[in-house]
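Q: The structure under discussion is supplied below as structure tokens; questions concerning it will follow.
What follows draws every value from the coordinates through simple rules; no lab data is involved. Worth saying up front: this structure is predicted, and the values here are computed from it rather than measured. Cβ: placed from backbone, ideal geometry, glycine included. Neighbour counts: every protein chain shown.
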Amino acid sequence: MALIPALRWPQWLLALSLVLSASLAQATIEAMEFRDDGLKERYQKLAFILRCPKCQNQNIIDSDAPIAADLRQQVHRLLHEGYEDNEIIDFMVARYGNFVLYEPPVNPLTYLLWYGPFVLVGIGALVMFLLLRGRKKNTQESETTAMSDADRERLNNLLKDKRN
Amino acid sequence: MKRRLILFIPLIVALVLGIFLWQGLKLDPRELPSALVGKPFPQFTLSTVKDENAAITQDALKGEVSLVNVWATWCVSCRQEHPELVRIAKETGIPIYGLNYKDTRPEAIRWLDEYLDPYRFSLFDADGRVGLDLGVYGAPETYIVDKEGIVRYRFVGVIDRNIWLNELLPEVNKWR
């Protein structure tokens, strides 16, 4: 029993420090003003699908790399200048290539990526089908041809011998 | 006999896959293809680090095959790369233009005084707008720009002797 209060105090401190550090982390996120909620929504959508070129497994909304902050600023600026979503995406692709898109576009370069898995599943299904059909044929063959009358007689004799 | 050969298919598949994966190990995922290769250098009007009244445009890059090197005083790898740029400028005479990226003028001037200045001039891109148009995602980056001002090559990272002789110089010579 004496141990528990001793443990509880540091845990409580830990929780407090976590809460404090979380609010500190939030303080570093830049404040952005939006003319209306529609723009804000579009901003969030775009910042979610655009990928940070420096830290490759984060989108620009997640990343705190300076380049991601620049890209967020650009998206914000372009939105307020009245550009459409697809124009903003084109703007980014023109500078950073298709890499900035989390979802790569479908083109001859990415056919393998997009359709490869389906082709593999197809091949797997075909192989499975052929194997199963082969096995069925084998079992049918063995049922009809495996034992001739002579063999059957021999087997019966053997079984009889054993019983005796 | 035929059935026996079929048994080797998984081995072959595994070997082919292994070769591809082995090759994949050598690829650097941080190396992005530049969207700008084959396209004109983005338009800009910028001052230089040493002359805040200058108004230099993309036309200044035309005429000769040149290197455009993106650098900054806050960039540690740029410091590492710098002596090689000085050497290239001195020994080959290939024009090197700097793009001072998101930096302050006094610090940039001090840097050039201290570590020598290999650049014909260094464009001063304080807000990183031109860097963004170039698709810069981390200094140092170096671009090869041909006589017509078309971007021909992009190198991300520190240029050392080996990279210069085996990767960049052949590319410069290709466009001269």
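Q: Looking only at the range B:135-161, filter to residues that are within 10 Å of the chain's Cα centre (by Cα) and among the hydrophobic types (A, V, I, L, M, F, W, C); which one of those is farthest from the other protein chains (Cβ to nearest Cβ)?
A: Among them, the one singled out is B:ILE159.
Q: Of the numbered conditions (1) in a helix (DSSP H, G or I); (2) under 27 Å from B:GLY38 (Cα atoms); (3) within 10 Å of chain B (Cβ to nearest Cβ), A:LYS54 fails exactly one; give the number of that condition.
A: Of everything listed in (1) in a helix (DSSP H, G or I); (2) under 27 Å from B:GLY38 (Cα atoms); (3) within 10 Å of chain B (Cβ to nearest Cβ), A:LYS54 misses just condition (1).
Q: So, A:LEU79, is that one away from every other protein chain (no Cβ under 13 Å), outside any loop (DSSP other than H, G, I, E, B), touching a residue at least 40 places away in the same chain (Cβ under 8 Å) and farther than 19 Å from B:VAL37 by Cβ or not?
A: yes
Q: Assess whether B:ALA126 counts as being farther than 25 Å from B:GLY63 by Cβ and over 15 Å from the mean Cα position of the chain (by Cα).
A: The answer is yes for B:ALA126.
Q: Next question. Identify the residue in the range B:93-127 that is touching a strand residue (DSSP E or B) at 6+ places or on another chain (Cβ under 6 Å) and within 14 Å of another protein chain (Cβ to nearest Cβ) and, among all such residues, is surrounded by the fewest Cβ atoms within 10 Å (Cβ to Cβ).
A: Among those residues, the one meeting the criterion is B:ASP125.
Q: What pairs come up if the first residue lies in the range A:84-98 and is facing chain B (nearest Cβ under 10 Å), the second is of a type in the set (D, E, K, R), and their beta carbons are under 8 Å apart, counting only those six or more places apart or on different chains?
A: Pairs found: A:ARG95/B:ASP133.
Q: Any chance the range A:87-98 includes a residue that's surrounded by 13 or more Cβ atoms within 10 Å (Cβ to Cβ) and not in a helix (DSSP H, G or I)?
A: Within the range A:87-98, one or more residues are surrounded by 13 or more Cβ atoms within 10 Å (Cβ to Cβ) and not in a helix (DSSP H, G or I).
Q: Looking at B:THR45, B:THR73 in this structure, which one is loosely packed, with under 13 Cβ neighbours inside 10 Å, among the hydroxyl-bearing types (Ser, Thr, Tyr) and more than 13 Å from chain A (Cβ to nearest Cβ)?
A: Only one candidate passes the filter, namely B:THR45.
Q: Out of (1) surrounded by fewer than 23 Cβ atoms within 10 Å (Cβ to Cβ); (2) assigned to a loop (DSSP other than H, G, I, E, B), the odd one out for B:ALA139 is which?
A: Every listed condition holds for B:ALA139 apart from (1).
Q: Let me ask you something else. For B:LEU132, which of the numbered conditions (1) touching a residue at least 60 places away in the same chain (Cβ under 8 Å); (2) within 15 Å of the chain's Cα centre (by Cα); (3) within 14 Å of chain A (Cβ to nearest Cβ) fails to hold?
A: (1)
Q: While we're on this one: Within the range A:57-71, work out how many residues are touching a Phe, Trp or Tyr at 6+ places or on another chain (Cβ under 8 Å) and either among the charged types (D, E, K, R) or touching a residue at least 24 places away in the same chain (Cβ under 8 Å) (or both).
A: Of the residues in the range A:57-71, 1 are touching a Phe, Trp or Tyr at 6+ places or on another chain (Cβ under 8 Å) and either among the charged types (D, E, K, R) or touching a residue at least 24 places away in the same chain (Cβ under 8 Å) (or both).
Q: If you check B:VAL68, B:VAL86, which single one turns out to be in a helix (DSSP H, G or I), touching a Leu at 6+ places or on another chain (Cβ under 7 Å) and under 30 Å from B:PHE124 (Cα atoms)?
A: Of the residues listed, the single one that is in a helix (DSSP H, G or I), touching a Leu at 6+ places or on another chain (Cβ under 7 Å) and under 30 Å from B:PHE124 (Cα atoms) is B:VAL86.
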